[in-house]
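A.B. asks: Before I ask anything, let me first share the structure, which is written out below as structure tokens.
The values are calculated or read from the model by the stated rules, or taken from the named source; none is laboratory data. Since the structure is predicted, the reported quantities are computational estimates derived from the model, not experimental observations. With ideal geometry, Cβ positions are generated from the backbone for all residues, glycine too; neighbour counts draw on all protein chains shown. Surface areas here come from the heavy atoms of the whole protein model, side chains and all, with no ligands, DNA or RNA. Shrake-Rupley method; radii C 1.70, N 1.55, O 1.52, S 1.80 Å.
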Amino acid sequence: MSEDDADTRPVLYGRHASPFVRRVAVTLRLYGIEYDHAPLMPFGPDKAELAAFNPIARVPALRLADGEMLVDSAVILDHLDQVAGARSLTPAAGAARRRVLTLVAIALGANEKLVAGLYERHFRPREAWHAPWLDACDKQVRDGFGWLDGQFAGPWFTGREMTQADITVAVFWLFGRGKRPKFFAGLGCNRLQALAEKLQGTPAFQATLPEQETLASELG
Ligand SMILES: N[C@@H](CCC(=O)N[C@@H](CS)C(=O)NCC(=O)O)C(=O)O
């Protein structure tokens, strides 16, 4: 590859340790889109760099070859799906599209509540943890993943074809298992566990393994 090619590749901002980043990275790879990776953290010293192009300084962000900056994994995936065309992992229209978007929305919500609980435990001193809030978050995580497990059709989430629901749920499930092994083992979501195990061995998942260091100690 020439230096010119490198200049025209999109750049993905954020670490694979962020499940929102990882679902984008996996999708880029499944679509065969070459990209560069800028593994910035959304806390600590990297925060100011992110704020230069994202007013809420979060990851993921994707800088397109022409310089346009996309933020939020849903917005980025919407763009990548359009690039992928007929190979899109999100059905183009109709009931199939609504189904995948609904599954992904529940997965996003459950994962956001998981992350909210992790931030509470990470950034607040233990004596300041608010147990009712943590319990409420845990219930939404439990109910969300439990519901998803019950919706799994097989062999893929919605049936015969792998979709974005499979990618997103597997990435979020692996993130949860890594962060809170006992809690997630207790959820009894055997179908989600099997899905995650199946995808974890694939090249796109193996190339996007989470980095060791995940959260800065300071908010930044
Ligand atoms: N809805 C967003 C959520 C992204 C998100 O929560 N990213 C986290 C990293 S896992 C982040 O940047 N946190 C820093 C912050 O919220 O300030 C998406 O889907 O991209």
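A.B. asks: If only one of 148, 199, 134, 209 is closer than 30 Å to residue 36 by Cα and open to solvent by less than 30 Å² (accessible area, probe 1.4 Å), which one is it?
C.D. replies: Testing whether each residue is closer than 30 Å to residue 36 by Cα and open to solvent by less than 30 Å² (accessible area, probe 1.4 Å) leaves just 199.
A.B. asks: Could you pull out every one of the helices (runs of 4 or more DSSP H) wholly within the stretch 1-118 that has 1 or more residues that are more than 19 Å from residue 167 (Cα to Cα) and open to solvent by 30 Å² or more (accessible area, probe 1.4 Å)?
C.D. replies: 3-7, 47-51
A.B. asks: Quick check on my filter: what residues within the stretch 130-183 are part of a loop (DSSP other than H, G, I, E, B) and under 19 Å from residue 101 (Cβ atoms)?
C.D. replies: We begin by selecting, within the stretch 130-183, every residue part of a loop (DSSP other than H, G, I, E, B); these are 130, 152-155, 157-158, 160-163, 180.
Answer for the stretch 130-183, where residues must be part of a loop (DSSP other than H, G, I, E, B) and under 19 Å from residue 101 (Cβ atoms): 152, 153, 157, 158, 160, 161, 162, 163.
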